[in-house]
1. For region A:7-34: of the residues being within 17 Å of A:Glu77 (Cβ to Cβ) and more than 12 Å from chain B (Cβ to nearest Cβ), which is surrounded by the most Cβ atoms within 10 Å (Cβ to Cβ)?
2. Can you run down the residue pairs with Cβ atoms below 6 Å, 6 or more apart or on separate chains, where the first is in region A:41-53 and at the interface with chain B (Cβ under 7 Å from one of its Cβ atoms) and in a loop (DSSP other than H, G, I, E, B) and the partner is surrounded by fewer than 21 Cβ atoms within 10 Å (Cβ to Cβ) and of a type in the set (Lys, Arg)?
3. With region B:230-289 as the region, which strands (runs of 3 or more DSSP E) entirely inside it contain at least 2 residues that are within 14 Å of chain A (Cβ to nearest Cβ)?
4. B:Leu395 passes all but one of (1) without any contact (Cβ under 8 Å) to a residue 60 or more places away in the chain; (2) within 14 Å of chain A (Cβ to nearest Cβ); which number fails?
5. With (1) outside any helix (DSSP H, G or I); (2) within 26 Å of B:Ser283 (Cβ to Cβ); (3) modelled with pLDDT of 95 or more as the list, and B:Val35 as the residue in question, which single condition is left unmet?
6. Take region B:1-31 and flag every residue that is of a type in the set (A, V, I, L, M, F, W, C), assigned to a loop (DSSP other than H, G, I, E, B) and free of Cβ contacts under 8 Å to residues at least 60 places away in the same chain.
7. Considering each residue of region B:292-309, count those that are at pLDDT 90 or above and buried (at least 19 other Cβ atoms within 10 Å of the Cβ), and give that number.
8. If A:Asp38 satisfies all but one of (1) within 12 Å of chain B (Cβ to nearest Cβ); (2) part of a loop (DSSP other than H, G, I, E, B); (3) more than 15 Å from the chain's Cα centre (by Cα); (4) among the charged types (D, E, K, R), what's the number of the condition it fails?
Amino acid sequence: MLRIQCPICGLRDQTEFHCGGEAHVIRPANPEAVSDEDWADYLFYRTNPRGVHCERWVHVHGCRQWFNIVRDTVTHEVHEVYAMGEEPSSMAGQGEESSA
Amino acid sequence: MSRYSGFSLIRHALTGHRHWQRTWRDPEPKKHYDVLIIGAGGHGLATAYYLAKYQGVKHVAVLEKGYIGGGNSGRNTQVSRSNYYYPESGAFYEHALQLFESMPRELNINTMFSQRGILGICNSRHEAELYRRWVNAVGMNGIDTELLSREQIKKCVPHINLDCRFPIWGGFIQKRAGISRHDAVVWGYARAASAAGVDIIQQCEVIGLESSDSRITRVNTTRGDIEANQVALCVAGHSGHLAAMAGLRLPISSVALQAMVSEPVEPILHTVLMSAHIHVYVSQSDRGEIVIGGGADMFNSYAQRGALPIQHDNMEALIELLPIFSRLRMLRQWAGVCDMAPDVSPIIGKTPIENLFVSTGWGTGGYKAIPAGGDTLAYTIANNETHSLIKPFQLDRFTTGRLIDEGAASGVAH
């Protein structure tokens, strides 16, 4: 069972949250100008690393706020919780990779 | 390879079972192979078998980082069925189901394939209407399924609680679907592939894929470098990790799907029972254990273990449907790392890297696809031409938009 530190409500069990997938996926500003390959990349391709992963979660059965976490996909350890729109501080290099 | 038979069993019994042959050889890796398959689960071993036996490829090796069948091939709920909604999926999975039917003769091993039927139940009026449409679609695919009334379901599973929290409105059954012994399938393909000349190399992890000019030139492993004309990735949940070594991105997310078995009990459940709505599926193995599966943990994971909340959900659903199981004690629980594609359909065949092939995206249902995945990928590798059954399941569908969205129709909710 994961226990996640909600920035508003504090430490809560996994069952109160829903995972929204990889963080920092940016919608192309001008979809008409984007190639099919780049659009497919935006829609369907995710980083899916074995190890450190930046992802969005929502406290769906709590304050209903979205936030980001840095989590290890092998150990499930949560390294960091940070606000939407922010970059992770401890995993700067990884954050760059996951926004590719 | 000496053949298994009743006669050989008696003969070995008379000599105290001291002279059974090794089931497959344990060779040292060579420096070069025609085809190198990464991952010795069901799909990798089946691909090797069909390559060596039917496509005439002489030098084939299968690399496995652990032991054969120790990944998802040993972590599934051993169900085979072909009741898929879309014609592309129906054709492919029906081919697989027919190969499961002939597998004991093909591989000379008892896979204990028991065609006890798979019974999907619906827990709402709307689902009942969709099931009627689904049965018609499956019929149009040329596959036999039947709608069942509440009374027929009760006859099929006498202990079912029809008036549970989400009352059962009806269901449908594919009678030719069933379960088999997953280890026998893996061992059968390994034994037959080894006899056909395939090198199965265990305890050999791939740590790098060297490439130049859009070709894989060398595979780095923990037991030395190996060169190969063609390379195939059959590594399920680790597909993205290995593809990244070759600079290839795949539209795959890895999630843990767990299952569990109870203590063995007398025969009580004679079909595979599945509810997409309250999300549990259950069958009884030949050893008497009640085998239970449900939803996946819906966040990325490479850990072969599941979280407790999903186990609770599965159990609640199970005892709501079958209250008689409420005092069963659970023996084991495990999870496999599933390779989920965005449309919950497989990605099998060529890649932008000329001599690299993938077999991935099997998601939560790779076991049932093993023989057809092996057969069609072997054809594709040997002829460098995509087998007709897997043409719809190519990587480029995510760019063209021609998805095969089995998310809702494949029998389980995603």
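1. Among residues in region A:7-34 that are within 17 Å of A:Glu77 (Cβ to Cβ) and more than 12 Å from chain B (Cβ to nearest Cβ), the one surrounded by the most Cβ atoms within 10 Å (Cβ to Cβ) is A:Arg12.
2. Sorted first by the residue in region A:41-53, then by its partner, the pairs are A:Tyr45/B:Arg249.
3. Values: elements: B:253-264, B:272-275, B:280-284.
In region B:230-289, B:253-264 are the strands (runs of 3 or more DSSP E) which contain 2 or more residues that are within 14 Å of chain A (Cβ to nearest Cβ).
4. (1)
5. The one condition B:Val35 does not meet is (2).
6. First pass over region B:1-31, keeping only residues of a type in the set (A, V, I, L, M, F, W, C): B:1, B:7, B:9-10, B:13-14, B:20, B:24.
After this cut, where a residue has to be assigned to a loop (DSSP other than H, G, I, E, B) as well, the list is B:1, B:20, B:24.
Residue satisfying the conditions is B:Trp20 alone.
7. Residues that pass the stated criteria total 6.
8. The number of the failed condition is (2).
The values are calculated or read from the model by the stated rules, or taken from the named source; none is laboratory data. It should be emphasised that the depicted structure is a prediction, and the values quoted were computed from it without experimental measurement. Neighbour counts run over all protein chains shown; Cβ positions are idealised from the backbone, glycine included.
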